[in-house]
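The block underneath contains the structure these notes are about, expressed in structure tokens.
The values are calculated or read from the model by the stated rules, or taken from the named source; none is laboratory data. Note that the coordinates shown come from a computational prediction; the quantities given were computed from them, not determined experimentally. Positions of Cβ are backbone-derived with ideal geometry, glycine not excepted, and every protein chain shown enters the neighbour counts. These area figures cover heavy atoms from the full protein model, side chains too; ligands, DNA and RNA do not enter into them. Shrake-Rupley method; radii C 1.70, N 1.55, O 1.52, S 1.80 Å.
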Amino acid sequence: MSTPNAEAGMKDWTDKATRERLEKDVAAVKSDIAALTDQITDALNTFANSTGKQARRGYRQARENVDSAMDDMSERGSAMMEAAQDAYGSIEETLEEAITQRPLATVGLALGIGFLIGIAWRR
């Protein structure tokens, strides 16, 4: 038969062994959590760097697209201005030619247009 001191000693030894095993397990879990934390931090840093690079690349590309569109619009505006000036010059020459070739018809046309505007204005 076992004595109460033997049982208490055995219980103390079992408790001590269990406590040491639990302390080792807790230390292992802490170590694993620290390793996972480092891995997650590295992954997040890599992701942040990659995202930052993509954002800078996208910004550069958008800026180049805007610059290209502005250059294109400027060229189109210049071409339209030249076309308008050419059309104005052509109309001016045509009117001047019509006036010199048919001065009476031009005066009659001007009087008729003035009369129509006057009638429209009175109503």
>> Can you give me the % of accessible surface on segment 27-76 that is carbon or sulfur? Probe 1.4 Å, all protein chains present, nothing else counted.
In response: 56
>> Rolling a 1.4 angstrom probe over the protein chains, ignoring ligands and nucleic acids, what is the accessible area of Glu96 in square angstrom, nearest 10?
In response: 120
> Quick one: helix 4-101 against the long Cα principal axis of the chain, what's the angle to the nearest 10°, folded into 0 to 90?
Replying inline: 10
> Relative to the present Cα-Cα distance, how much length would full extension add between Leu22 and Asn49 at 0.36 nm per residue of separation?
Replying inline: 5.7 nm
>> Can you tell me the convex hull volume per residue for segment 53-123, based on C-alpha atoms, in Å³ to the nearest whole number?
In response: 94
>> Using a 1.4 Å probe on the protein heavy atoms only, what accessible surface does Lys53 show? Give it in Å² to the nearest 10.
In response: 120
> What share of Cα pairs, in percent, lie more than 19 angstrom apart in the chain?
Replying inline: 81
>> For segment 28-123, what does the accessible surface come to per residue with a 1.4 Å probe? Please give it in Å².
In response: 92
> What is the dipole size for the chain, taken about its Cα centre, with +1 at each Lys and Arg Cβ and -1 at each Asp and Glu Cβ, in debye to the nearest 20?
Replying inline: 560
> With the dipole of the chain worked out from charges on the C-beta (+1 for Lys and Arg, -1 for Asp and Glu) around the Cα centre, which of Ala79, Asn45, Ala35 lies farthest toward the positive end?
Replying inline: Ala35
